[in-house]
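The values are calculated or read from the model by the stated rules, or taken from the named source; none is laboratory data. All figures in this text were calculated on a predicted structure; none of them were measured in a lab. Heads up, the Cβs are rebuilt from the backbone with ideal geometry, glycines too, and the neighbour counts pull from every protein chain shown.
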Amino acid sequence: MFTVCALAGVLGVAFIGCGDDGASSPSAKGLPAEVADMEELETYGCGMDVIGEKVYVTELEENYECDGEKWFKSYDQTKPSSTESSSSQKTDGSSDSKTFEKEGSSGNDKGEAKSSSSRPTEILEPEITVNETCAEVGVCDAMVKTDISTWHFVRKDGFDRDMEYIYFVEGTQLMVKTIDYKGVEDIDTLKVYSDMTNEISQEYAFNAAKSTCKNGGGNDNKIKSCVKDTVKALPECNASREGFIGKKDSSSYVVCKNGSWEKAKEIDMDTYGKTCTNAEVGTRTNGVVTETNKYYCTANGWVSLMRWNWNVPKEAYFNPNITYGSMTDERDGKVYRTVQIGDQIWMAENLNYADSVKTPSLLERSWCYDNKTENCDVAGRLYTWAAAIDSVALYDNGNGVNCGAGVNCTMPKKVRGICPSGWHLPRFDGGYDDEFLILYNAAGEETSGKALKSQIGWEYVGNEYIGTDTLGFSGIPAGYRISSGSFTSAGHLAYFHTTLTSADFSHYTTHAEYLSYGSKLMGKQRLEKSDAYSVRCIKDSE
């Protein structure tokens, strides 16, 4: 594991790698492992060389961490005896630095980022090369029908003596001047070709002149004919030019990849000159061409945040302007971020609990998207209705009654379901204490969806639908699983289980809250109990 620190940058929020947790200690950087109070801590510099280092403040009983500029309360408090800490939203809207752990590789990434320390910034222009191709041809063959000046040759007369022929036009009449071996000139009017503006007449005249040339051996005389060809081409795409962008023509660009030039994509142009090496993994940047576009550096290079990408870790989806709390699930030790919204405390990420031995309701009723374990690390698991409410525990009459598809269940007011101890599934019943309705009102009726969606990861269809995540709920488009076994809608939809079953046909349907990439609102929808959706737990009230 390594720690990644969030820093506010010119081109958007950036995350920079802080090294392996076990690679160095505070003492190795000249820092004590523990200080008495904040006054003592402030005597130690917090610069770039100690980013990510943590020092325990005895008076406050808390870890503090350096973000390169100041000391702040660390996200990692490591309290084995406590499972949660309070959470709240900042009221001044300012940006606090955040630290969090990244577990293993990001999403579906394999391998490491490129190790080059810099990226090219200039656009390569085509190099101009002029190629001249020359050939010797007989003077007869070099004649051009439409160019009388080329009807000029030397041939042998009947006595094998040189005779020069020069054709020309006076008015519309074809004429020929001959010069014999003594230099005596003679001009003849070729009356049969009196109208050289006529294409047919010109054709006959040309063939006759060419025949005269060849019959006298005129083709034995050679002339040099050269053709110049101007070629505009980019230089060779080789290892030294890897990643360079070249201008193919006035409106199209290509990028050098793996030894060949290929059409440049939007991401190639928008991240041109931006470094994405091992040191930058976890950083964000805005687009070079389109500044509103956002990109994230993974171990395999830049990826767009304007649509869903499993290579982007879950930490990137949190709002950097929100102060999150945390909660530890004692069942498996997983730590979740939490956020306080009004009087409610919500999980700020999707549940990822999968122990079907401790919780039999989960057996064959929860999945990772596309059945890839690493996808659960990003978006949590997808649960059927029976799994979400933990039907075995809730309705066990000694025979393990299943409250899933095909069974009409009367729900108690509060259902823990598969949530950790002290937390429960959100209630949706239309009453005054309807927990999703309270959340909806806090988010604002007209823009509830925008306020609850994460700022990145949703398929872009217009600025009016971009998530603002003003409350820190950080809803991500995790998609869902259909009972037939297929997965769909990652990047487009987020569904969250509630404890409400549909009034009609409740044997097979339930209600879920949803967020959509093409809507500014949060809504509810009747869904199949046998399909699988995300779970967000809410903390029990005191």
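Below are the figures for this structure:
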{"item": "Residue within segment 304-313 that is of a type in the set (Ser, Thr, Tyr) and over 24 Å from residue 497 (Cβ atoms) present", "result": "yes"}
{"item": "Matching residues in segment 349-373 - criterion: being in contact (Cβ under 8 Å) with a residue 12 or more places away in the chain and of a type in the set (A, V, I, L, M)", "result": "351, 354, 362"}
{"item": "Single condition residue 431 does not satisfy, out of (1) modelled with pLDDT of 90 or more; (2) more than 19 Å from residue 312 (Cβ to Cβ)", "result": "(1)"}
{"item": "Residue within segment 233-252 that is small (Gly, Ala, Ser), without any contact (Cβ under 8 Å) to a residue 40 or more places away in the chain, exposed (fewer than 15 other Cβ atoms within 10 Å of the Cβ) and touching a Lys or Arg at 6+ places or on another chain (Cβ under 8 Å) present", "result": "yes"}
{"item": "Any hit, segment 440-461, residues being surrounded by 23 or more Cβ atoms within 10 Å (Cβ to Cβ), modelled with pLDDT of 90 or more and at positive phi", "result": "yes"}
{"item": "Which numbered condition residue 283 misses (of (1) buried (at least 22 other Cβ atoms within 10 Å of the Cβ); (2) touching an Asp or Glu at 6+ places or on another chain (Cβ under 7 Å); (3) not assigned by TED's automatic domain parsing to the domain that holds residue 451)", "result": "(2)"}
{"item": "Breaking point among (1) more than 30 Å from residue 128 (Cβ to Cβ); (2) assigned to a loop (DSSP other than H, G, I, E, B); (3) acidic (Asp, Glu), for residue 203", "result": "(2)"}
{"item": "Residue check, residue 343 at pLDDT below 95, of a type in the set (D, E, K, R) and either buried (at least 19 other Cβ atoms within 10 Å of the Cβ) or not assigned by TED's automatic domain parsing to the domain that holds residue 443 (or both)", "result": "no"}
{"item": "Conditions (1) part of a loop (DSSP other than H, G, I, E, B); (2) in contact with a strand residue (DSSP E or B) (Cβ under 9 Å, 6 or more places away or on another chain); (3) buried (at least 21 other Cβ atoms within 10 Å of the Cβ): number failed by residue 308", "result": "(2)"}
{"item": "Subset of segment 180-198 that is closer than 19 Å to residue 143 by Cα and surrounded by 11 or more Cβ atoms within 10 Å (Cβ to Cβ) - its residue that is farthest from the chain's Cα centre (by Cα)", "result": "190"}
{"item": "Strands (runs of 3 or more DSSP E) enclosed by segment 1-75 - at least 2 residues per element that are of a type outside the set (Val, Ile, Thr), surrounded by 15 or more Cβ atoms within 10 Å (Cβ to Cβ) and at pLDDT below 50", "result": "2-9, 12-20"}
{"item": "Residue within segment 281-288 that is farther than 30 Å from residue 369 by Cβ and in contact with a strand residue (DSSP E or B) (Cβ under 6 Å, 6 or more places away or on another chain) present", "result": "no"}
{"item": "Subset tally (residues that are of a type in the set (A, V, I, L, M) and either in contact (Cβ under 8 Å) with a residue 60 or more places away in the chain or in a loop (DSSP other than H, G, I, E, B) (or both)) for segment 151-193", "result": "3"}
{"item": "So residue 333, is it assigned by TED's automatic domain parsing to the domain that holds residue 379 and at positive phi", "result": "yes"}
